[in-house]
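**Student:** Encoded as structure tokens, here's the structure I'll be asking about.
The values are calculated or read from the model by the stated rules, or taken from the named source; none is laboratory data. In this text the structure is predicted, and so the values were computed from the model without any measurement. As a convention, Cβ positions derive from the backbone with ideal geometry for all residues, glycine included, and neighbour counts pool all protein chains shown.
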Amino acid sequence: MGKIENEGLSRRGFIAGVAGAGAAALTWSPAYAVPAGSAATTLAAPPSFPAGISLYQQAYENWAKEIHVDGVWTCAPATANDVVTIANWARAQGWKVRPRGAMHNWSPLTIVKGSDVSKVLLVDTTKSLTAITVNAGSSPATVTAQAGATMEAILAALQAQNLGLVSVPAIGNLTLGGALAIDAHGAALPKTGETQISGTTYGSLSNLVTSLTAVVWSAAQNQYVLKTFSRADADIKAFLTHLGRAFVTSATLQAGANYRLRCQSWYNIPTAELFGPPGTSGRTFSSYVASAGRVEAIWFPFTDTPWLKVWTPTPSKPLFSRQVSSPYNYSFSDQVSDDFEEFLSQLAVGNTSGTPSFGGLQLFIVQSGIVFTGTWDIWGWSKDLLLYVRPTTLRVSEGGMAILTSRSNVQRVLSEFATWFKARLAAYQAQGKFPVNGPVEIRCSGLDRASDVKVASSGTPQLSALRPRPDHPEWDTAVWIDVLTIAGTPDSITFYREMEQWMLGNYTGSYAAVRPEWSKGWGYSATAGWSDPTLVGTTYPNALRTGQPAGDNWDTARATLNAYDPHRIFSNSFLDTLLP
Ligand SMILES: Cc1cc2nc3c(=O)[nH]c(=O)nc-3n(C[C@H](O)[C@H](O)[C@H](O)COP(=O)(O)OP(=O)(O)OC[C@H]3O[C@@H](n4cnc5c(N)ncnc54)[C@H](O)[C@@H]3O)c2cc1C
């Protein structure tokens, strides 16, 4: 029997959201592992578990700590064939298998809050399924990585071969398997007149996949097996973004020539100007999209000058830019300030009245942090500019949507949102309520264009929020709007539901359409996210049916995933509702 790692079961270091009362509860806590056979284990052991595969009980905790389970049975396969063995074991024993990456998701795609986990086996890919091979000489250049490899490691391997990506999630500590499951993306649009780097996409990572290997049911062999799908295979379109209804062991992604980026930060543009009505002049969000393409606004509540990051492809170092040679340059945003302590402890007892000053404090930390770290204008390789969030940042809830529209409508989308958001926060404030204490995060990306794929291809990911709408070829942009608040903040669910309903009613017709950001908060009922039956069962499936060809849409993906996992071992109760 191995030794107990980290903490024993009696020490429960995980406290959900504000229940933890204090900054420490909102940062990363290492999960402990208790080996199979230990006296401390709580659930009955998986029966007849295959010998030779590392098995233990470990806490599962999602990003915002809203889903937390002590001691779920977890295993760490050494090879893809081990995953096949696990799948066949699970089928025989009636267990569910949940692939587990960095656990940085919000939505209940891995484990459902409050569900019975007595027959759930988490499969941790981060321990051994981490190999990465760059194929710089192939055309297009590609990288093949196992599902547990992190985005940071993949980007580092690409950079070593002078290769890079364009649409990259901000946090490097994500696994490839987790990122593909939910069509991960970055802030990625071309500036006006930009020539796209061949091999890249402004859409999702899923749209870069040239082939992938998954564990699937073979009727012929009457067992689960490994199957490699090429991008030309029509069935791959269900696996490119699958929301957790499959187990991917590795994938090959195309890449492009690496490039240099400059990132400039501003925090002096009033929201009335940045999010002004379409057609207004000045420093509007759209003006930065035109001049640089890649823009992010972080707008703290009850403040009026968001932190604006603008990334411009810039081959040579501008005179006054500071060269950086590693990622995560905004260290001030990767730690929970001691100054948060008072607000968090008040929040823990339900007192939100300090929210306006908390918003101001967050902006102050950014403003002073940028000056202190000298990061208002930095320049370097793409990876070092595109990765800028560490897991030590404040752990909060996020409700978020992608609004598909045309590039010429970006300013309209944001101006309407900003007007609505300000009015709603003021209305809540007038009632003494403060549902939102974190920032609004705004980014734009392109869509998953079929023409980005440089190998024979059957088409685009069927479940990706960035799937183009053939009936609206002018929609070439997704505006991602996320609102952050500490989990458990009073009235936050009411606010999120109101926001989602407003978005669905406002961004419609020939102007725009709403899709969920699968990894985050959506589907709000009066009491919880991911739980409104109409949104989960009809509205969002329709968002990937409407305008899509028969035989190549949401229903096709559902049928394909079901056919490759007829025993539903790769599912949970939420996925059984979303993708029955
Ligand atoms: C601070 C922060 C910043 C973020 N920034 C961005 C961003 O900029 N852009 C963006 O798009 N997203 C972003 N995300 C969201 C993130 O991309 C997703 O939550 C992603 O799914 C997390 O990956 P993970 O490795 O943590 O996966 P997990 O949370 O462990 O799993 C997520 C889902 O993927 C499934 N999964 C994991 N591995 C596999 C596999 N091998 N095969 C099949 N399914 C698998 C899981 O079962 C689950 O359904 C951010 C998240 C955080 C916490």
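**Student:** Could you list, in sequence order, all residues of the range 540-580 that are among the small types (Gly, Ala, Ser) and within 16 Å of the ligand (Cβ to nearest atom)?
**Tutor:** Correct list: Ala557, Ser571, Ser573.
**Student:** Sticking with this one: Counting only residues that are among the aromatic types (Phe, Trp, Tyr) and away from the ligand (no atom under 16 Å from the Cβ), how many does the range 86-122 have?
**Tutor:** Number satisfying all stated conditions: 1.
**Student:** Just to be sure I understand the filter: pairs with C-beta atoms under 8 Å, separated by 6 or more residues or on different chains, first member in the range 168-197 and under 21 Å from Glu296 (Cα atoms) and more than 6 Å from the ligand (Cβ to nearest atom), second member of a type in the set (Ser, Thr, Tyr) and in a helix (DSSP H, G or I). Which pairs pass?
**Tutor:** Close Cβ pairs (under 8 Å, with a partner that is of a type in the set (Ser, Thr, Tyr) and in a helix (DSSP H, G or I)) amount to Val168/Ser382; Asp183/Ser206; Lys191/Ser291; Thr192/Ser291.
**Student:** Taking the condition within 13 Å of the ligand (Cβ to nearest atom), of a type in the set (Val, Ile, Thr), modelled with pLDDT of 95 or more and surrounded by 24 or more Cβ atoms within 10 Å (Cβ to Cβ), does Val143 pass?
**Tutor:** The answer is no for Val143.
**Student:** Of all residues in the range 44-94, which are among the hydroxyl-bearing types (Ser, Thr, Tyr) and assigned to a strand (DSSP E or B)?
**Tutor:** Ser54, Tyr56, Tyr60, Thr74
**Student:** Filter the range 367-398 down to the residues that are under 19 Å from the mean Cα position of the chain (by Cα) and in a strand (DSSP E or B) and list them by number.
**Tutor:** The answer is Val389, Ser397, Glu398.
**Student:** Of the residues Trp522, Trp518, Trp502, Trp530, only one is in contact (Cβ under 8 Å) with a residue 24 or more places away in the chain and on the phi > 0 side of the Ramachandran plot; which?
**Tutor:** Among Trp522, Trp518, Trp502, Trp530, only Trp530 is in contact (Cβ under 8 Å) with a residue 24 or more places away in the chain and on the phi > 0 side of the Ramachandran plot.
**Student:** Sticking with this one: Restricted to the range 417-467, and to residues that are in a helix (DSSP H, G or I) and aliphatic (A, V, I, L, M), which residue is surrounded by the fewest Cβ atoms within 10 Å (Cβ to Cβ)?
**Tutor:** By that ranking, first place goes to Ala430.
**Student:** Return the residues of the range 57-85 that are among the charged types (D, E, K, R) and more than 14 Å from the ligand (Cβ to nearest atom); say none if nothing qualifies.
**Tutor:** Asp70, the sole residue that qualifies.
**Student:** Out of Ala31, Ala44, report the one residue that is more than 16 Å from the ligand (Cβ to nearest atom) and at pLDDT below 95.
**Tutor:** Unique residue meeting the criteria: Ala44.
**Student:** Now a separate question. Can we say Ala238 is buried (at least 24 other Cβ atoms within 10 Å of the Cβ), assigned to a strand (DSSP E or B) and of a type outside the set (Val, Ile, Thr)?
**Tutor:** For Ala238, the condition - buried (at least 24 other Cβ atoms within 10 Å of the Cβ), assigned to a strand (DSSP E or B) and of a type outside the set (Val, Ile, Thr) - is not met.
**Student:** Within the group Thr213, Thr252, Thr228, which residue is surrounded by fewer than 24 Cβ atoms within 10 Å (Cβ to Cβ), within 16 Å of the ligand (Cβ to nearest atom) and without any contact (Cβ under 8 Å) to a residue 24 or more places away in the chain?
**Tutor:** From the options Thr213, Thr252, Thr228, the qualifying one is Thr228.
**Student:** Considering each residue of the range 102-114, count those that are over 17 Å from Tyr524 (Cα atoms) and either crowded, with 24+ Cβ neighbours inside 10 Å or among the polar types (S, T, N, Q) (or both), and give that number.
**Tutor:** 2
**Student:** Which is in contact with a helix residue (DSSP H, G or I) (Cβ under 9 Å, 6 or more places away or on another chain), within 12 Å of the ligand (Cβ to nearest atom) and more than 18 Å from Gln58 (Cα to Cα), of Thr125, Thr130?
**Tutor:** Residue meeting the stated conditions: Thr130.
**Student:** In the range 158-167, how many are in a loop (DSSP other than H, G, I, E, B) and either surrounded by 24 or more Cβ atoms within 10 Å (Cβ to Cβ) or near the ligand (Cβ under 6 Å from one of its atoms) (or both)?
**Tutor:** 3
**Student:** Exactly one condition in (1) at pLDDT below 95; (2) among the β-branched types (Val, Ile, Thr); (3) surrounded by fewer than 17 Cβ atoms within 10 Å (Cβ to Cβ) is false for Val69; which is it?
**Tutor:** For Val69, the failing item is (3).
**Student:** Here is a follow-up. Is the range 493-500 home to any residue that is within 20 Å of the chain's Cα centre (by Cα), within 26 Å of Gln431 (Cβ to Cβ) and among the hydroxyl-bearing types (Ser, Thr, Tyr)?
**Tutor:** yes
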